[in-house]
Structures are given as structure tokens and as C-alpha cells.
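The values are calculated or read from the model by the stated rules, or taken from the named source; none is laboratory data. Treat the numbers as computed from the prediction; the structure is a model and nothing was measured. Here the Cβ positions follow ideal geometry from the backbone for every residue, glycine too, while neighbour counts run over all protein chains shown. Please note that ligands, DNA and RNA were not included when accessible areas were found on the heavy atoms of the full protein model with its side chains. Shrake-Rupley method; radii C 1.70, N 1.55, O 1.52, S 1.80 Å.
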Amino acid sequence: MPINKLIHDNCKNRVKAVLLVDIKTEALLVFARTALERYFTQIDEVNYKATVGTDSDTVYVYDTLRKLLVNLQESVVNVDYFMKLVQESKKAPQLRELAKYEDPLISYYDVMAETVAKFYENKPAYLPEFLVICVLSHWILEEEKSTNLYPYLKDIDFLELISKFEDNRKDFEKNEECTINEIYDISSIIIEKLKNYKYKVNKTRVSKTRKKK
């Protein structure tokens, strides 16, 4: 498969970060795109209407997230691209250099995916849309990471989105515990893992992404 086709099929106008610090931001956006795609596909298939408080709050939150997803699909790849690249590179020598080039991005994504999988190892995951809001808010506002490569992020009021969930905490209680608090916990862990992870070239490393069929 030609390299351009592999990328274009997944993301038409990809914005590829070069510096490792920016690749971490790119990886977080890959994580966000993947999570939002999976989430909206699932609720659309069953015609489920997600709600956050009032009708106006609900429209604000989910219209904002759907617009974000459209922008992400235009500018960053998702995990399906990683999986296809790894599979195709095993039989297409011209893709091996691309796989090597993408390895830092895949590594950063794997760190986050592994963290989520471990956190929810013995319980179901929920509120993926709020998790996306929290990790992006933490990375952009608290860690003050640059969004220059992805200017559409500057148009999102993450604190306002968070407030919609905060104002309706009672709607997110499960087994007498507020799931909002749990999302804060996992989002903080994800960002700390991503922030502290130092990429090292390791030819023997087998990523979590690469293990998937």
C-alpha cells in the first residue's frame, strides 16, 4: 500500500508534529479522536441521547465535542492507522521507515492506552467524553502545552465544559460514588504518565498497539 494512501485514508489533512514535546500533544489528540469516535459511533448506533443537565447544556457539550471530533479527524490520525501501519509494514518494506518514524507517537499513545486499560481492568469504563475533556483541559490549561499546531483547540472553553458536568454531579452517581471524581483521577494519572514518559529507541519493544489484531 502506498504511504500517502495509508495516511490519507485515515486523515486527509494531517498536521504532523516534529518535536517530541509536540508529538506528545499529537498523541493526546490521537487518544481523544479515538475515544470520541468510539463513543459517538456506539451511541449513534443505538440512537442513545446523552444528556448533561438541561437541554441547553446538553446541546452545548455534545455539539462542541462533535465539532472537536470533526477537527481531529481532519488533523490527526487514530489508533486504526497505527494498527494498519504495523500490519502492513510487516509485508511492505517501504512502510518500515514510516513505522519507525511514527514509533514515538505510537509509544506515547500506548502509555495512555495502557494506563486506561489498567485503571479499568476490573470495572467498566464510562464517561469517555468527559475523560477527553479532562485530559485536554489538564494538558492545555494546567500544563500549558502549546496548541499552535492545532488552533481549533483555542476555541474550546474547557472549563465551561467541565462546569456542565460539575453542575450536574448528582446525575453521575454510581453505587453511591460520583463518577466525576473518578474521571478526574484517571485523567491526572494519564497526564502524569504522558508528561514523564521519555521516549527511547528500542528495536525490541513490542507496543500494546502492535499486539492488537
For the stretch 104-119, enumerate the residues that are touching a residue at least 12 places away in the same chain (Cβ under 8 Å) and more than 28 Å from VAL18 (Cβ to Cβ). ALA117, PHE119
What pairs come up if the first residue lies in the stretch 184-198 and is farther than 15 Å from ALA35 by Cβ, the second is open to solvent by less than 70 Å² (accessible area, probe 1.4 Å), and their beta carbons are under 6 Å apart, counting only those six or more places apart or on different chains? ILE189/THR115; LYS193/VAL111; LYS193/THR115; TYR197/VAL111
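For every residue, the table says whether it meets (1) over 11 Å from the mean Cα position of the chain (by Cα); (2) in a helix (DSSP H, G or I); (3) exposed (fewer than 14 other Cβ atoms within 10 Å of the Cβ).
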| site | (1), (2), (3) |
| --- | --- |
| ILE7 | yes, yes, no |
| LYS12 | yes, no, yes |
| VAL15 | yes, no, no |
| VAL21 | yes, yes, yes |
| GLU37 | no, yes, no |
Just one of (1) open to solvent by 70 Å² or more (accessible area, probe 1.4 Å); (2) closer than 21 Å to TYR197 by Cα; (3) among the aliphatic types (A, V, I, L, M) trips up VAL46, so point out which. (2)
Please go through the stretch 92-115 and pick out each residue that is open to solvent by 30 Å² or more (accessible area, probe 1.4 Å) and at pLDDT 95 or above. GLU114
Residue check: is THR64 of a type in the set (Ser, Thr, Tyr), touching a residue at least 12 places away in the same chain (Cβ under 8 Å) and outside any helix (DSSP H, G or I)? no
All positions within the stretch 170-194 that are open to solvent by 70 Å² or more (accessible area, probe 1.4 Å), part of a helix (DSSP H, G or I) and more than 13 Å from LEU131 (Cα to Cα): LYS170, ASP171, GLU192, LYS193
